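Worksheet: one structure, shown below.
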Amino acid sequence: MGQPTNDVSSMSQYKIRQGSASMITETKQCNECGEHKPLKSFPMGRVRKDGTRSRKPKCHKCKDSKHIESKRQHQRELAKTDERKQQIKKAHDRYRQTNKFKKRQSIILKRKQLKYKWIKRREQLKRIDFLPLISIDRVWMDVKRFIEKRDDPKCMCKECGIKYHWTMYWMNTSACSIECKNKRETKQKRKNRQQRKSNPNYTRTKNHKQRAKHYGVKYERVDIELIFVRDEYKCKGCGTNVVRCKKYKPNQATIDHMIPLSRGGTHTRDNLITLCHQCNSSKSNKTWNEWVGAHINVNKVLYK
C-alpha cells in the first residue's frame, strides 16, 4: 500500500470496518477512464524529496490497453501483406488434409442429406398439421389426388429435365427444386451481365415510364387501382376474379397493354386492361387481336 500524499483533489480516504478493526485505503482518480481506484492500481512514479513515491496518472488497465491496441493495429497491417496471406493459405491447406476437417465435412454432408430428405417429404408431413381442421373425406381425396399427380407428373424442369408435379407448397413451374431454381437465376444473371458488357448503350428499364421513353411512345400517369375497379377485378382474358397480392398466385392482378409498348402502343388509360398473371404471361408481346384469335375463343373486349 502506498503512502498518503498531499494531493487532496486527486486522492481521498475511506474506512472499511471489519468487526472492531478498521483499515484505511487510499484511492486516486485515473485521468484516462475517470474512475477512483486504489493506489496499487497505478504504476509507480518518481521519488519525491521527502522520500515518498508518487503514482502515475493512468492506471495499469488504461496504460496496457493503449499498448494492446497498437499491437492489434500492427497485426491488422501484417494480415494485409502477401507473405501473411500465403502463410494462411498454406495453413488452410494443411487443415483440409487433417482427419478433423474430413470428419466435419462428413457431418455437414449428412445434415444436407437429412434436410433434402425432409424437403422431399414436406408436402406429406404438412397435411398432418391440417388434419384437425379438414374433414376426413376431404383429406383422403387430397391424398388420392396427390398420389395421382406424383405418379403422372405434368411439369418438366427446365434445368435438369426431370418431371415433377405442381403443388400449393411448390409454386415454381420452371424448376423442380430450390437448387435448380438458384442455378437458373445464376445463369440468367450471367447472361444479363454479358449482354450489358457487349452493348454499352444497353439500359435496364425498371418501370413503365422508362419503357415508354425507351420506345418513344406517349406516357401518362395512370392509377392502377382505377383500372382494376373499372374492370371489376376480373381478368378480361379468362374471366376469373383477380386479387392484388405481393406473392405469386395464378389469379394475381396485373395490367397489360392491348397494343404492346414495343410495337408502338401507348401507356394510357385506353390502352390498359386487367389480366391475371397466367394470361399476361401467355399474351407476351402480342397485340390483343392476335392473342384472342390464336389462343382464346371469346369475343374481343373493347372500350369506348
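Restricting Lys187, Lys249, Lys209, Lys213 to those that are loosely packed, with under 12 Cβ neighbours inside 10 Å and either modelled with pLDDT of 85 or more or not in a strand (DSSP E or B) (or both) reduces the list to Lys187.
Conditions (1) among the aliphatic types (A, V, I, L, M); (2) touching a His at 6+ places or on another chain (Cβ under 8 Å); (3) surrounded by fewer than 13 Cβ atoms within 10 Å (Cβ to Cβ); (4) assigned by TED's automatic domain parsing to the domain that holds Ser281, marked per residue:
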site: Pro200; (1), (2), (3), (4): no, no, yes, no
site: Val217; (1), (2), (3), (4): yes, yes, no, yes
site: Leu226; (1), (2), (3), (4): yes, no, yes, yes
site: Ile255; (1), (2), (3), (4): yes, no, no, yes
site: Met258; (1), (2), (3), (4): yes, no, no, yes
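Of the residues Asp151, Asp142, Asp137, which is more than 33 Å from the chain's Cα centre (by Cα), at pLDDT below 85, among the charged types (D, E, K, R) and farther than 30 Å from Lys115 by Cα? Steps first, please.
Numbers: Asp151 fails: farther than 30 Å from Lys115 by Cα; Asp142 fails: farther than 30 Å from Lys115 by Cα.
Among Asp151, Asp142, Asp137, only Asp137 is more than 33 Å from the chain's Cα centre (by Cα), at pLDDT below 85, among the charged types (D, E, K, R) and farther than 30 Å from Lys115 by Cα.
Rundown of residues vs (1) in contact with a Gly (Cβ under 6 Å, 6 or more places away or on another chain); (2) surrounded by 10 or more Cβ atoms within 10 Å (Cβ to Cβ); (3) of a type outside the set (Ser, Thr, Tyr); (4) modelled with pLDDT under 80, yes/no style:
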| position | (1), (2), (3), (4) |
| --- | --- |
| Cys59 | no, yes, yes, no |
| Arg76 | no, no, yes, no |
| Gln86 | no, yes, yes, no |
| Thr98 | no, yes, no, no |
| Leu109 | no, yes, yes, no |
| Phe146 | no, yes, yes, yes |
| Cys157 | no, yes, yes, no |
| Lys163 | no, yes, yes, no |
| Met171 | no, yes, yes, yes |
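Say we look at region 265-286 and pick out the residues that are surrounded by fewer than 19 Cβ atoms within 10 Å (Cβ to Cβ) and at pLDDT below 90; which of these is farthest from the chain's Cα centre (by Cα)? Residue satisfying both the conditions and the ranking: Lys286.
Quick one: is Ser262 of a type in the set (Ser, Thr, Tyr) and either in contact with a helix residue (DSSP H, G or I) (Cβ under 7 Å, 6 or more places away or on another chain) or touching a residue at least 24 places away in the same chain (Cβ under 8 Å) (or both)? Spelling it out, Ser262 is indeed of a type in the set (Ser, Thr, Tyr) and either in contact with a helix residue (DSSP H, G or I) (Cβ under 7 Å, 6 or more places away or on another chain) or touching a residue at least 24 places away in the same chain (Cβ under 8 Å) (or both).
The values are calculated or read from the model by the stated rules, or taken from the named source; none is laboratory data. These figures come from a predicted structure and were not determined experimentally. FYI the Cβ positions are ideal-geometry reconstructions off the backbone, even for glycines, and counts take in every protein chain you see.
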